[in-house]
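One structure below.
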Amino acid sequence: MKAFIALCFAVLLSFLIVPNISENVQQKSGAPDEIINQPVNAEENNESSNDQQIPAFTEDLAKKRASLFIDALKQETDENYRVINYSTKEEYMTYLMNFVSKDIAAYYTDGLFEERESSLYIIPTELPPWLEENEPVNIKQLSDTSYRVYQKNTSDLYGTYEITLGYEYLDGNWIITFASVD
């Protein structure tokens, strides 16, 4: 329970410090939003698309992938908030990249975890506002391998917010490559 509360607090702080992922990535890269939202490995993505069938992108798939990521942020810790299963941010980011792009994995890892004493520690916080599995979403297809998912939610902690997630089909998986909460 302490670990969950710690995680929730760390996520809340990360959204207060850095409220919009896309703005931060854009500021760091100096590139317009459209470039940031393209597949990281566009050439590899096109090659793999020719060789295999891309699974259909559905509301259920979008919600499942978002849920897998938010569940991956919940890590088992000891009484001092030391993460049990990962020792470094790099190791943890590699795991998160099963669900999200490297930029998003880095953003959440940097905001929610810290390395000290050769271990990885969670910063106590709330989970971020995220896609609610029981609420409908709007989906916009950008290409055969790119979609945007939109959902409006209300919570006691965050009030009313709209979340936008971008999905790309990369290396045989639908990966979240863009996230914005307004």
Given the structure, is Leu157 under 26 Å from Asp60 (Cα atoms) and in a loop (DSSP other than H, G, I, E, B)?
yes
For the stretch 144-160 the number of residues that are open to solvent by 50 Å² or more (accessible area, probe 1.4 Å), without any contact (Cβ under 8 Å) to a residue 60 or more places away in the chain and over 18 Å from Ala66 (Cβ atoms) is 2
All but one of (1) open to solvent by 10 Å² or more (accessible area, probe 1.4 Å); (2) modelled with pLDDT of 95 or more hold for Ile163, so report the exception by its number.
(1)
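To keep it simple, each residue is scored yes or no on (1) out of contact with any Phe, Trp or Tyr (no Cβ under 6 Å at 6 or more places or on another chain); (2) open to solvent by 30 Å² or more (accessible area, probe 1.4 Å); (3) of a type in the set (Gly, Ala, Ser); (4) in a loop (DSSP other than H, G, I, E, B).
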{"site": "Glu115", "(1), (2), (3), (4)": "yes, yes, no, no"}
{"site": "Glu133", "(1), (2), (3), (4)": "yes, yes, no, yes"}
{"site": "Leu142", "(1), (2), (3), (4)": "yes, yes, no, no"}
{"site": "Tyr169", "(1), (2), (3), (4)": "yes, no, no, no"}
Between residues in the stretch 74-97 that are assigned to a helix (DSSP H, G or I) and at pLDDT 95 or above and residues that are β-branched (Val, Ile, Thr) and surrounded by 13 or more Cβ atoms within 10 Å (Cβ to Cβ), which pairs lie under 8 Å by C-beta distance while being six or more apart or on different chains?
Lys89/Thr109; Tyr92/Val83; Tyr92/Thr109; Met93/Thr109; Leu96/Ile104; Leu96/Thr109
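The values are calculated or read from the model by the stated rules, or taken from the named source; none is laboratory data. Because the structure is predicted, anything quoted here is derived from the model rather than measured. Here Cβ is always computed from backbone atoms with ideal geometry, including for glycine, and neighbour counts include all displayed protein chains. The protein model used for the area step is the full one, side chains on, heavy atoms only, and it has no ligands, DNA or RNA in it. Shrake-Rupley method; radii C 1.70, N 1.55, O 1.52, S 1.80 Å.
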